């Protein structure tokens, strides 16, 4: 039963989760949400102020005060006062760059905390940036509103404004009561379904993989975040929508499947758990109540090289269907059940937030285009996908915590994900994922990033997450390759032209070559020069050198012979790994050569199983590269493996 109004209302479960985050935020601004509508045409500021006051009178959440009482936080709905929701205005047309000035103005306002007890938890402004261009800015605290609630408020304000401009009444209040929202939430938490949902998620995530985070680090929520945004090209968007129809899925489900594939490739793990923010309103009173209802839904998928994109999409569709049956179980309750608390590691990987909210707004005939400024705090990495139904196609924003990620890293994430979407849009959805290209895209040899990793053609691979930081196998491609040989030995691992090697073949051949290198004296930190074209032998060579505990010195066979000779003399590698064709173009030096295409070479004796060979070898250096000195002569750069081993993204 809902508490009496004079005692206020308890927070919903979704609000309680936000309250916990709010208590961890010393700035008081990490949970400020903000958007602005870019309005093209005539806007009457006084009329907009009247429209918003009417909307606030309809939507109780905007008139809420939240007070921390001895019985816990309570929310109180109060009548509008004369000073509530003043429309701040600014004419920025005289600025050198009105749009930049407006964005700076809004960013400064975003850094102002709300006094939730005194209220109101919402503020707005109208900024003029052109003769017929206005930016209507809105900022609200996440405790009282989520993204879907935001869209309800924007639509109602536009409807009221248009009605008033036409001399009509705004019509009846379309919103439900906050008390009904709270009562519905309390009824769920005391129901049998709550217990069923709890048991489901505890069992589903009991053996979950570690969530991929930036080097295993965590940080408190931050209001500011790094952001990289881009629009998906129209032709790619159209093809993705068509592909969704072919696969009997929605475009959102196709994008979720694409994100699962991307995360699997980056983390080198076939077991992927995404976090999907859901509005959790269908079939409940919440569909008509602006407020904070959003929950995070874990979605666990298995992504292996043998799958096709069609089967991965179908797995996504069925997984979502099953997960939605338990979507109301509060995410912060799940964290508690799993023993993670509010500041521990997340139980899910990157958040993938699809927002298909149909704005399509106009203010008395003046069309409005929405722009998001802050979608809430980012604990590590969040991807936002917007389909505003405004004729501008899909927009994708990548947000990252500034203490955990860099701008370059975030930009690389976005570029690679957009490139993957393009490849998916034009792929054969019934072909194995192992045939779906990687971001290299140049046809050179690569190891698939499906479930077990990749090696770039220059010998610089991504790193496997976890493992002993002193263990080369744990932070280079050795671990994923050998793990793939154990888990999926017959799956394609390396594809180049018409040649395909399975994980078992790649692990066995690289181990055999590593034994030959060790027999020639290659040990911990010893340099091995690799003079090979970008092809399968280069990949085998890199893996073999690392398995032997050595460090790679890549050589470009196209360099002048004199320069190659000086590089070899300066570096002094134990041997040069090459093939017959390339060896003929190398300078005549005293360094021993091991030809990969030579036949009749017996394997040195070794009792070591392939996956154990590299575990004995620890190296300070795994890579050296040539550079040009200021004097014009070649010089060398030694790269320790921590500099090459990128954090799991």
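In terms of the ratio Rg/(2.2 N^0.38 Å) built on C-alpha atoms, what value belongs to segment 5-179?
So segment 5-179 has a normalised radius of gyration of 1.08.
Specify, per residue and in Å³, the volume enclosed by the convex hull of the alpha carbon atoms belonging to segment 255-337.
Taking the convex hull of the Cα positions in segment 255-337, it is 112 Å³ per residue.
Computed FRET efficiency, Cβ-Cβ of residue 580 and residue 500, R0 25 Å: what is it to the nearest 0.05?
Efficiency for this residue pair is about 0.60.
Only counting other Cβ atoms within 10 Å, I'd like 139, 427 sorted with the fewest neighbours first.
In order of increasing Cβ crowding within 10 Å: 427, 139.
Would you mind ranking 574, 144 so that the residue whose beta carbon has the fewest other beta carbons within 10 Å leads the list?
574, 144
Using 1/(1 + (r/R0)^6) with R0 = 51 angstrom and r between the beta carbons of residue 96 and residue 242, what's the FRET efficiency to the nearest 0.05?
FRET efficiency, residue 96 to residue 242: 0.70.
When a/c reaches 1.5 or more, the comparison of a/b and b/c decides; with that in mind, is segment 490-597 rounded, prolate or oblate per its Cα gyration tensor?
Oblate shape, in that a/c is at least 1.5 and b/c is the bigger or equal ratio.
Mean separation of Cα pairs under 8 Å and 6+ residues apart, divided by the residue count of segment 5-179: what relative contact order is that in percent?
The normalised contact order for segment 5-179 reaches 32 percent.
What whole-number value in cubic angstrom gives the convex hull volume per residue for the C-alpha atoms of segment 279-419?
Considering the Cα atoms of segment 279-419, their hull volume per residue is 173 Å³.
Fewest to most neighbouring Cβ within 10 Å: what's the order for 383, 254?
So the ranking, lowest neighbour count to highest, is 383, 254.
Pull out the extension gain between residue 340 and residue 179, defined as 0.36 nm times the separation in residues minus the alpha carbon to alpha carbon distance; nm, one decimal.
Gain on extension, residue 340 to residue 179, equals 54.8 nm.
If we sort 300-306, 188-194 on the protection proxy, mean other Cβ atoms within 10 Å, highest first, what's the order?
300-306, 188-194
What's the extension gain from residue 81 to residue 325 if we count 0.36 nm per residue and subtract their Cα-Cα distance?
Value of the extension gain: 83.6 nm.
Every number in this text was worked out from the coordinates using simple rules, so none of it is lab data. Given the structure is predicted, the values throughout are model-derived calculations rather than measurements. Every residue, glycine as well, gets a Cβ built from its backbone with ideal geometry; the counts of neighbours run over all protein chains shown.
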